[in-house]
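Each value in this text was obtained by applying a stated rule to the coordinates, not by laboratory testing. Treat the numbers as computed from the prediction; the structure is a model and nothing was measured. So basically every Cβ, Gly included, is an ideal-geometry build from the backbone, and we count neighbours across all protein chains shown.
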Amino acid sequence: MTAKDTNVGKQTEQLAARWLRDHGGFPHAERTVRTGYKTANRQLIDAGDIDGCPGLVIQCKSLRPADRAERSVAGWLLETETQRQAVDAHVGVLVVRRWGTTDVGRWWCFFTAGAFVHLTGGRSEQFAGPDVVPLRLEVRHAFALLALRGLGDAA
């Protein structure tokens, strides 16, 4: 990964955290500056890219071109779900920068099908298993749904 890639990733996370504070119902959202690790004696779980969002693990990604990012979504979503399970969060959320707009609310937000069914009041266990079925909404719609389910403060 180049320094430019690292800077774009950092900027993507900062923009997402700012949007979550200002519009997403999470006034304490901040970019996480640590990563997980595992040694012979200790382990720190990677709990996502954004802190201050109780009940959520939020992973942010930025990749161009769009078709390359689309091919990466299933793997990223599986990583997000692994992080969610590790910290026992309610929902894992994958935010993917949508190139061509600076409005974070118009970026893509992915959930697993099980998480989406759970958020809409259904039984998510029917989607449990090794396959990750991604569902995509715009960030603004995804966080409106999360607010309806009682996650975050009223924006």
Farthest positive-ward along the chain dipole, Cα basis, beta-carbon charges - from 48, 142, 104: 104
Neighbour-count order for 143, 110, 116, fewest beta carbons within 10 angstrom listed first: 116, 110, 143
Other-chain or far-sequence residues with amide H under 5 Å of residue 93's (modelled H): 57, 58, 59
Cα-centred dipole magnitude for the stretch 3-148, charges only on beta-carbon of K, R (+1) and D, E (-1), debye, nearest 20: 380 debye
The stretch 3-148: relative contact order in percent, alpha carbon pairs under 8 Å with at least 6 residues between: 19 percent
Top of 46, 67, 22 by mean-square fluctuation, Gaussian network on the chain, Cα under 10 Å: 67
Label of the coordinate-derived value, Cα Rg over 2.2 N^0.38 Å, listed as [x] 1.00; [y] 1.17; [z] 1.12: [x]
Highest to lowest packing among 2-13, 52-63, 82-93, scored as the average C-beta count within 10 Å: 52-63, 82-93, 2-13
